[in-house]
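Have a look at the structure below before the remarks.
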Amino acid sequence: MSLWQHLDGAKVVDLAQPMRTGMPQSPNHPRFRMVIERRHGDMVREDGGSAANEVILTGGHVGTHVDALGHVSQDGYVYGGVEAAGIQSNQGLSQHGIDAFPPYVGRGVLLDVTAVHGVDVLPPGYEVTPDDLQAAQVKADVEIRPGDSVLIGTGWSRNWDKPSLFVGDEGGVPGPGPDAARWLVDRGVRVAGGETIAFERIAPGRGHATLPVHRILLVEAGVHIVETMRLSELLSTGHAEFMLVLNPLPVVGATGAPVRPLAVLAA
(Lines give C-alpha, C1' and ligand atoms only; values in the text may rest on other atoms or scores of the structure.)
Protein backbone atom coordinates (compact mmCIF):
# COMPACT_ATOMS: atom_id res chain seq x y z
CA MET A 1 0.00 0.00 0.00
CA SER A 2 1.37 3.44 -0.94
CA LEU A 3 1.82 6.33 1.48
CA TRP A 4 -0.97 8.24 -0.27
CA GLN A 5 -3.42 5.39 0.28
CA HIS A 6 -2.69 5.54 4.00
CA LEU A 7 -3.66 9.22 3.93
CA ASP A 8 -6.94 8.72 2.05
CA GLY A 9 -9.72 10.25 4.12
CA ALA A 10 -7.34 11.56 6.78
CA LYS A 11 -8.35 14.73 8.63
CA VAL A 12 -5.78 17.49 9.15
CA VAL A 13 -6.14 19.65 12.25
CA ASP A 14 -4.21 22.93 12.41
CA LEU A 15 -2.64 23.32 15.87
CA ALA A 16 -1.36 26.89 15.43
CA GLN A 17 -2.89 30.04 16.82
CA PRO A 18 -3.45 32.82 14.25
CA MET A 19 -0.78 35.51 14.43
CA ARG A 20 -2.06 39.07 14.53
CA THR A 21 -1.13 42.38 16.10
CA GLY A 22 -2.38 42.48 19.68
CA MET A 23 -2.55 38.73 20.19
CA PRO A 24 -1.75 37.31 23.66
CA GLN A 25 1.94 36.72 24.25
CA SER A 26 4.56 36.68 26.95
CA PRO A 27 5.69 40.13 28.12
CA ASN A 28 9.26 38.77 28.05
CA HIS A 29 9.38 38.85 24.25
CA PRO A 30 9.09 41.56 21.56
CA ARG A 31 5.52 42.40 20.61
CA PHE A 32 4.25 40.95 17.34
CA ARG A 33 3.39 43.49 14.68
CA MET A 34 2.45 43.15 11.03
CA VAL A 35 1.92 46.14 8.76
CA ILE A 36 1.34 46.42 5.02
CA GLU A 37 4.43 48.22 3.75
CA ARG A 38 3.39 48.44 0.09
CA ARG A 39 -0.25 48.61 -0.95
CA HIS A 40 -1.88 47.75 -4.23
CA GLY A 41 -1.62 50.80 -6.43
CA ASP A 42 1.55 52.19 -4.84
CA MET A 43 3.39 50.80 -7.84
CA VAL A 44 1.53 49.66 -10.95
CA ARG A 45 3.30 47.69 -13.67
CA GLU A 46 2.87 48.62 -17.31
CA ASP A 47 0.40 45.76 -17.77
CA GLY A 48 -1.78 46.99 -14.88
CA GLY A 49 -0.50 44.48 -12.33
CA SER A 50 0.22 45.49 -8.76
CA ALA A 51 1.38 43.79 -5.57
CA ALA A 52 1.17 44.33 -1.84
CA ASN A 53 3.64 43.20 0.81
CA GLU A 54 4.21 43.50 4.52
CA VAL A 55 6.77 43.92 7.27
CA ILE A 56 6.52 41.43 10.13
CA LEU A 57 8.15 42.14 13.49
CA THR A 58 8.23 39.26 15.95
CA GLY A 59 10.27 37.47 18.52
CA GLY A 60 11.05 33.79 18.17
CA HIS A 61 8.82 32.89 21.11
CA VAL A 62 5.64 34.62 19.97
CA GLY A 63 2.50 32.77 18.90
CA THR A 64 2.76 29.00 18.38
CA HIS A 65 6.48 28.25 18.46
CA VAL A 66 9.20 25.71 19.25
CA ASP A 67 11.87 26.32 21.89
CA ALA A 68 15.41 25.51 20.82
CA LEU A 69 17.62 23.67 23.30
CA GLY A 70 19.73 26.82 23.65
CA HIS A 71 16.75 28.89 24.82
CA VAL A 72 17.32 28.28 28.55
CA SER A 73 20.47 27.93 30.62
CA GLN A 74 21.05 26.88 34.20
CA ASP A 75 24.01 28.20 36.16
CA GLY A 76 25.56 29.35 32.90
CA TYR A 77 25.17 26.11 30.93
CA VAL A 78 22.75 24.85 28.28
CA TYR A 79 21.95 21.28 27.27
CA GLY A 80 24.90 18.91 27.15
CA GLY A 81 26.99 20.93 29.59
CA VAL A 82 27.76 23.56 26.95
CA GLU A 83 28.77 26.93 28.38
CA ALA A 84 26.16 29.45 27.24
CA ALA A 85 28.57 32.37 27.06
CA GLY A 86 30.72 30.51 24.54
CA ILE A 87 27.97 29.90 21.98
CA GLN A 88 26.10 33.21 21.92
CA SER A 89 26.66 36.42 20.00
CA ASN A 90 24.54 39.08 18.34
CA GLN A 91 24.37 36.69 15.38
CA GLY A 92 22.61 34.06 17.50
CA LEU A 93 23.65 30.70 18.90
CA SER A 94 26.44 28.70 17.31
CA GLN A 95 25.03 25.52 18.92
CA HIS A 96 21.55 24.41 19.95
CA GLY A 97 19.77 27.01 17.81
CA ILE A 98 16.37 26.28 16.32
CA ASP A 99 17.98 25.56 12.95
CA ALA A 100 19.41 22.40 14.56
CA PHE A 101 15.89 21.03 15.10
CA PRO A 102 15.23 18.35 12.46
CA PRO A 103 11.67 18.46 11.08
CA TYR A 104 9.47 16.10 13.05
CA VAL A 105 7.02 13.85 11.25
CA GLY A 106 6.03 11.17 13.68
CA ARG A 107 3.68 9.93 16.34
CA GLY A 108 1.85 12.44 18.47
CA VAL A 109 -0.05 11.61 21.65
CA LEU A 110 -2.59 13.91 23.28
CA LEU A 111 -3.05 13.53 27.04
CA ASP A 112 -6.36 15.23 27.76
CA VAL A 113 -6.23 16.31 31.40
CA THR A 114 -9.51 18.18 31.02
CA ALA A 115 -11.28 14.87 30.34
CA VAL A 116 -9.79 13.42 33.52
CA HIS A 117 -11.41 16.20 35.55
CA GLY A 118 -14.60 16.46 33.52
CA VAL A 119 -14.09 20.11 32.53
CA ASP A 120 -13.51 22.03 29.30
CA VAL A 121 -10.70 24.17 30.76
CA LEU A 122 -8.48 23.56 33.79
CA PRO A 123 -8.55 26.27 36.47
CA PRO A 124 -5.96 29.09 36.37
CA GLY A 125 -2.81 28.13 38.22
CA TYR A 126 -3.61 24.39 38.28
CA GLU A 127 -0.54 22.12 38.43
CA VAL A 128 -0.72 19.10 36.15
CA THR A 129 0.74 16.12 38.03
CA PRO A 130 2.06 12.69 37.04
CA ASP A 131 -1.20 11.23 38.33
CA ASP A 132 -3.09 13.48 35.89
CA LEU A 133 -0.93 12.35 32.98
CA GLN A 134 -1.19 8.69 33.95
CA ALA A 135 -4.96 8.98 34.29
CA ALA A 136 -5.23 10.69 30.90
CA GLN A 137 -3.14 7.93 29.33
CA VAL A 138 -5.33 5.22 30.84
CA LYS A 139 -8.54 7.03 29.88
CA ALA A 140 -7.38 7.31 26.27
CA ASP A 141 -6.01 3.74 26.27
CA VAL A 142 -2.85 4.91 24.56
CA GLU A 143 0.80 4.00 25.07
CA ILE A 144 3.64 6.53 25.11
CA ARG A 145 6.71 5.32 23.27
CA PRO A 146 10.25 6.69 23.20
CA GLY A 147 10.57 9.36 20.53
CA ASP A 148 6.92 10.40 20.67
CA SER A 149 5.67 13.96 20.83
CA VAL A 150 3.32 14.37 23.78
CA LEU A 151 0.83 17.22 23.97
CA ILE A 152 -0.95 18.09 27.22
CA GLY A 153 -4.54 19.23 26.90
CA THR A 154 -5.51 21.84 29.48
CA GLY A 155 -8.23 23.50 27.39
CA TRP A 156 -6.43 26.81 27.84
CA SER A 157 -6.50 27.65 24.13
CA ARG A 158 -10.25 28.22 24.57
CA ASN A 159 -9.24 31.43 26.40
CA TRP A 160 -7.27 32.84 23.45
CA ASP A 161 -9.76 35.68 22.98
CA LYS A 162 -9.36 36.77 26.62
CA PRO A 163 -5.78 38.11 26.59
CA SER A 164 -5.47 39.06 30.26
CA LEU A 165 -6.77 35.68 31.39
CA PHE A 166 -4.74 33.80 28.76
CA VAL A 167 -1.37 35.23 29.83
CA GLY A 168 -2.10 34.60 33.51
CA ASP A 169 -2.81 38.09 34.80
CA GLU A 170 -6.02 36.76 36.36
CA GLY A 171 -4.87 33.98 38.65
CA GLY A 172 -2.05 32.26 36.82
CA VAL A 173 -2.02 29.55 34.14
CA PRO A 174 -2.45 25.76 34.32
CA GLY A 175 0.40 23.55 33.23
CA PRO A 176 2.79 20.77 34.19
CA GLY A 177 4.88 20.98 37.32
CA PRO A 178 8.40 19.57 37.75
CA ASP A 179 7.16 16.09 38.63
CA ALA A 180 5.06 15.93 35.45
CA ALA A 181 8.09 17.07 33.43
CA ARG A 182 10.16 14.22 34.86
CA TRP A 183 7.31 11.82 34.08
CA LEU A 184 7.60 12.84 30.42
CA VAL A 185 11.39 12.54 30.44
CA ASP A 186 11.21 9.06 31.99
CA ARG A 187 9.11 7.96 29.00
CA GLY A 188 11.63 9.18 26.46
CA VAL A 189 9.52 11.79 24.71
CA ARG A 190 11.25 13.87 22.07
CA VAL A 191 8.89 16.84 22.11
CA ALA A 192 6.43 18.16 24.70
CA GLY A 193 3.75 20.70 23.89
CA GLY A 194 0.88 22.60 25.39
CA GLU A 195 -1.62 25.40 25.00
CA THR A 196 -0.08 28.15 27.15
CA ILE A 197 2.63 30.74 26.49
CA ALA A 198 4.92 28.88 28.89
CA PHE A 199 4.86 25.09 29.19
CA GLU A 200 4.65 25.42 32.96
CA ARG A 201 2.21 25.85 35.78
CA ILE A 202 2.26 29.61 36.43
CA ALA A 203 1.19 30.32 39.99
CA PRO A 204 -1.03 33.33 40.74
CA GLY A 205 1.02 36.50 40.93
CA ARG A 206 4.32 34.76 40.14
CA GLY A 207 4.62 35.36 36.43
CA HIS A 208 7.74 33.76 34.95
CA ALA A 209 9.82 34.17 38.10
CA THR A 210 11.09 30.60 37.78
CA LEU A 211 10.64 28.05 35.00
CA PRO A 212 11.64 24.65 36.42
CA VAL A 213 9.90 22.63 33.68
CA HIS A 214 11.96 24.46 31.03
CA ARG A 215 15.11 23.62 32.98
CA ILE A 216 14.21 19.94 33.26
CA LEU A 217 13.15 19.49 29.63
CA LEU A 218 15.50 21.79 27.70
CA VAL A 219 18.65 21.92 29.83
CA GLU A 220 18.71 18.55 31.55
CA ALA A 221 16.93 16.22 29.12
CA GLY A 222 17.20 17.85 25.67
CA VAL A 223 13.43 17.71 25.07
CA HIS A 224 12.07 20.44 22.79
CA ILE A 225 8.99 22.40 23.89
CA VAL A 226 6.10 23.66 21.76
CA GLU A 227 4.06 26.49 23.28
CA THR A 228 0.86 28.44 22.58
CA MET A 229 -0.67 25.55 20.63
CA ARG A 230 -4.34 25.62 19.66
CA LEU A 231 -5.52 22.23 20.90
CA SER A 232 -9.23 22.99 21.33
CA GLU A 233 -10.26 21.42 18.01
CA LEU A 234 -8.04 18.38 18.52
CA LEU A 235 -9.46 17.91 22.03
CA SER A 236 -12.98 17.96 20.61
CA THR A 237 -12.19 15.12 18.17
CA GLY A 238 -11.42 12.64 20.93
CA HIS A 239 -8.30 11.43 19.09
CA ALA A 240 -5.39 10.65 21.38
CA GLU A 241 -3.02 9.33 18.69
CA PHE A 242 -2.12 10.96 15.37
CA MET A 243 0.70 11.86 13.04
CA LEU A 244 2.29 15.17 14.04
CA VAL A 245 4.06 17.39 11.51
CA LEU A 246 6.30 19.91 13.25
CA ASN A 247 8.67 22.10 11.25
CA PRO A 248 9.66 25.45 12.79
CA LEU A 249 11.22 28.16 10.65
CA PRO A 250 14.96 27.38 10.37
CA VAL A 251 16.19 30.77 11.58
CA VAL A 252 19.93 30.25 11.98
CA GLY A 253 21.07 30.72 15.57
CA ALA A 254 17.62 31.61 16.91
CA THR A 255 16.51 30.43 20.35
CA GLY A 256 13.04 29.60 19.01
CA ALA A 257 10.86 30.09 15.96
CA PRO A 258 7.20 30.15 14.89
CA VAL A 259 5.67 26.89 13.75
CA ARG A 260 2.38 25.67 12.29
CA PRO A 261 1.96 22.16 13.70
CA LEU A 262 -0.41 19.80 11.92
CA ALA A 263 -2.13 16.76 13.41
CA VAL A 264 -3.07 14.17 10.77
CA LEU A 265 -5.89 11.96 12.04
CA ALA A 266 -6.60 8.56 10.57
CA ALA A 267 -9.97 8.15 8.89
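Applying the condition of being farther than 30 Å from residue 196 by Cβ and touching a residue at least 12 places away in the same chain (Cβ under 8 Å) to the range 1-12 and asking which residue is surrounded by the most Cβ atoms within 10 Å (Cβ to Cβ) yields 7.
Output yes when any residue across the range 37-45 is surrounded by fewer than 18 Cβ atoms within 10 Å (Cβ to Cβ), under 21 Å from the mean Cα position of the chain (by Cα), touching a residue at least 12 places away in the same chain (Cβ under 8 Å) and assigned to a loop (DSSP other than H, G, I, E, B), and no when none is. No: the range 37-45 contains no residue that is surrounded by fewer than 18 Cβ atoms within 10 Å (Cβ to Cβ), under 21 Å from the mean Cα position of the chain (by Cα), touching a residue at least 12 places away in the same chain (Cβ under 8 Å) and assigned to a loop (DSSP other than H, G, I, E, B).
For the range 190-208, does any single residue satisfy the condition of being surrounded by 23 or more Cβ atoms within 10 Å (Cβ to Cβ) and among the acidic types (Asp, Glu)? Checking the range 190-208: at least one residue is surrounded by 23 or more Cβ atoms within 10 Å (Cβ to Cβ) and among the acidic types (Asp, Glu).
Would you pick out the residues in the range 13-36 that are basic (Lys, Arg) and surrounded by 11 or more Cβ atoms within 10 Å (Cβ to Cβ)? Answer for the range 13-36, where residues must be basic (Lys, Arg) and surrounded by 11 or more Cβ atoms within 10 Å (Cβ to Cβ): 31, 33. If you check residue 191 against the conditions, is it over 26 Å from residue 6 (Cα atoms) and either modelled with pLDDT of 95 or more or of a type in the set (Phe, Trp, Tyr) (or both)? Criteria not met by residue 191. Residue check: residue 164 meets all listed conditions (1) over 19 Å from residue 233 (Cα atoms); (2) of a type in the set (S, T, N, Q); (3) in contact with a Ser or Thr (Cβ under 7 Å, 6 or more places away or on another chain) but one, namely (3). The residues of the range 163-179 that are buried (at least 24 other Cβ atoms within 10 Å of the Cβ) and either of a type in the set (A, V, I, L, M) or free of Cβ contacts under 8 Å to residues at least 12 places away in the same chain (or both) amount to a single one, 173. Taking the criterion of being free of Cβ contacts under 8 Å to residues at least 40 places away in the same chain and either assigned to a strand (DSSP E or B) or of a type outside the set (Val, Ile, Thr) (or both), the residues of the range 116-140 that qualify are 117, 118, 120, 131, 135, 136, 137, 139. Within the range 141-182, being part of a helix (DSSP H, G or I), of a type outside the set (Gly, Ala, Ser) and closer than 15 Å to residue 131 by Cα holds for 178, 179, 182. One residue stands out in the range 67-84 among those that are free of Cβ contacts under 8 Å to residues at least 40 places away in the same chain and surrounded by 11 or more Cβ atoms within 10 Å (Cβ to Cβ): the one that is nearest to residue 221 (Cα to Cα), namely 82. Apart from one condition, residue 160 fits all of (1) over 15 Å from the mean Cα position of the chain (by Cα); (2) at pLDDT 95 or above; (3) surrounded by fewer than 23 Cβ atoms within 10 Å (Cβ to Cβ); the exception is (1).
The values are calculated or read from the model by the stated rules, or taken from the named source; none is laboratory data. Fair warning: this is a prediction, and the values are worked out from it, not measured in the lab. Every residue, glycine as well, gets a Cβ built from its backbone with ideal geometry; the counts of neighbours run over all protein chains shown.
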